[in-house]
Ligand SMILES: N[C@@H](CCC(=O)N[C@@H](CS)C(=O)NCC(=O)O)C(=O)O
């Protein structure tokens, strides 16, 4: 098997630590027990070659031998092919997992991200657009609440879909956005108590702290 290398920044300021998206990749690799190493690219002065790997000048990307893959969702789908701990191997199970991967990114993260930007910038309350964004996210959370009341994981067994959905929801939880959605909150707690998440999270914090 090719060597798997996850690239993230060498350092980031405190607020995003524990939430930089290389965590999604580390988490999946830990769940699958696949060997990997982590490489760094400078955060402050972006390296010229970053755009060869990530066209939006961001992290993470994965090297699998001579193949370079960006977008955390695409990387997880790629890794899903390597382990049934991440994605079932039967066509029905794969399609179910894939639909929830897209739901996490395109239906929930799409609503969560603008909400989180308002929170990070401290401009909620009467700020123009806030009420609409808050209502948009809460409508999506209402549907996730109904689903998660009856399901431990999204696609039957734990999968890459749960890595993405739980990672999206835990950023909302950071700003107490799940207070009215106890099933979503329970799901985040369930996912983030998994040993693979705990290790991935601790490893990311240690990686950035080592560069302080
Ligand atoms: N859709 C991309 C988003 C990547 C992304 O937002 N990366 C952040 C870190 S989590 C980043 O590099 N931010 C710095 C920047 O945008 O300059 C993915 O899921 O991989």
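Some observations on this one:
- Evaluating residue 100 against the criteria (1) touching a helix residue (DSSP H, G or I) at 6+ places or on another chain (Cβ under 7 Å); (2) more than 20 Å from residue 164 (Cβ to Cβ) leaves one unmet condition, (2).
- Residue 80 vs. criteria assigned by TED's automatic domain parsing to the domain that holds residue 38, within 16 Å of the ligand (Cβ to nearest atom), over 23 Å from residue 173 (Cβ atoms) and at pLDDT 95 or above: yes
- When the stretch 83-102 is filtered for residues that are closer than 23 Å to residue 137 by Cβ and away from the ligand (no atom under 16 Å from the Cβ), only 99 remains.
- On the stretch given as the stretch 137-154, residues that are in a helix (DSSP H, G or I) and surrounded by fewer than 15 Cβ atoms within 10 Å (Cβ to Cβ) total 6.
- Test for residue 130: is it more than 24 Å from residue 26 (Cβ to Cβ) and within 16 Å of the ligand (Cβ to nearest atom): no
- Residue within the stretch 103-113 that is away from the ligand (no atom under 16 Å from the Cβ) and either surrounded by 13 or more Cβ atoms within 10 Å (Cβ to Cβ) or part of a helix (DSSP H, G or I) (or both) present: no
- Unique residue being in contact with a strand residue (DSSP E or B) (Cβ under 9 Å, 6 or more places away or on another chain) and under 24 Å from residue 113 (Cα atoms) when the list is 38, 20: 20
- Qualifying residue in the stretch 83-105 (condition: modelled with pLDDT under 95 and more than 23 Å from residue 185 (Cβ to Cβ)): no
- Test result for residue 124, touching a residue at least 12 places away in the same chain (Cβ under 8 Å) and either outside the structural domain of residue 24 (by TED's automatic domain parsing) or farther than 24 Å from residue 195 by Cα (or both): no
- Of all residues in the stretch 176-195, those that are assigned to a helix (DSSP H, G or I) and buried (at least 20 other Cβ atoms within 10 Å of the Cβ) total 5.
- Candidates are the residues of the stretch 32-77 that are under 23 Å from residue 157 (Cβ atoms) and either assigned to a loop (DSSP other than H, G, I, E, B) or outside the structural domain of residue 18 (by TED's automatic domain parsing) (or both); the one that is nearest to the ligand (Cβ to nearest atom) is 36.
The values are calculated or read from the model by the stated rules, or taken from the named source; none is laboratory data. Quick caveat, the model's predicted, so the values are computed rather than measured. Cβ: placed from backbone, ideal geometry, glycine included. Neighbour counts: every protein chain shown.
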